[in-house]
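**Q** Below: one structure in structure tokens.
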Amino acid sequence: MSNLEEDRFEAYLRTFRPLRPDPLPEFRARSARFRFPFAWAAGAALGGLMLLAGMHDWQVEDHGTPRVVSVAPQVTQSGPLRLRDINSLLTKADSLKAGLDAVTWKPRRVQVGPGQQSALAVLGEDKEKL
């Protein structure tokens, strides 16, 4: 830009006056009154249902009589746990929980052949080589 154009542009900027903004339109203020009484009724009904459900599920136990606890059968079989062993333990148990306990707590004594090592035994050894 030449000097003449710059001078005219600066003169225009000095005379520039921004327009005043129009005032905002006025709206009628809303009342702060709660207009949905249905929401209060729905909240009260929901609270009542929750209270009823809680009372329905609340069981008071009689601590005077001991409960019968089923004991998982002990299996002395050594070797890996196979699917047929698990199936027989689950079918012989009194309940599903007792059967799962029998499967979980079955003693596993896997015999390692000659020239082999158990991975758990190797990982369990302390190796303090630096």
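The values are calculated or read from the model by the stated rules, or taken from the named source; none is laboratory data. Remember, it's a predicted structure, so these values are computed and weren't measured experimentally. Ideal geometry is used to build each Cβ from the backbone, glycine not excepted, and the neighbour counts take in all protein chains shown.
**Q** For segment 59-78, indicate whether the set of residues that are modelled with pLDDT of 70 or more, in a loop (DSSP other than H, G, I, E, B) and aliphatic (A, V, I, L, M) is non-empty.
**A** Within segment 59-78, the subset modelled with pLDDT of 70 or more is none.
No, segment 59-78 has no match at all.
**Q** Take ASP22 and tell me if it is part of a loop (DSSP other than H, G, I, E, B), of a type in the set (D, E, K, R), surrounded by 10 or more Cβ atoms within 10 Å (Cβ to Cβ) and modelled with pLDDT of 70 or more. Walk me through how you get there before you give the answer.
**A** Values: part of a loop (DSSP other than H, G, I, E, B): yes; of a type in the set (D, E, K, R): yes; surrounded by 10 or more Cβ atoms within 10 Å (Cβ to Cβ): no; modelled with pLDDT of 70 or more: yes.
Spelling it out, it is not the case that ASP22 is part of a loop (DSSP other than H, G, I, E, B), of a type in the set (D, E, K, R), surrounded by 10 or more Cβ atoms within 10 Å (Cβ to Cβ) and modelled with pLDDT of 70 or more.
**Q** Could you grab the pairs with beta carbons closer than 6 Å, sequence gap of 6+ or different chains, first residue in segment 84-106 and of a type in the set (Gly, Ala, Ser), second one in a helix (DSSP H, G or I)?
**A** ALA93/GLY99; ALA93/ALA102; GLY99/LEU89; GLY99/LEU90; ALA102/LEU89
**Q** Okay, next question. Among (1) surrounded by 10 or more Cβ atoms within 10 Å (Cβ to Cβ); (2) small (Gly, Ala, Ser); (3) modelled with pLDDT of 80 or more, which single condition is GLY54 missing?
**A** Here GLY54 clears every test but (1).
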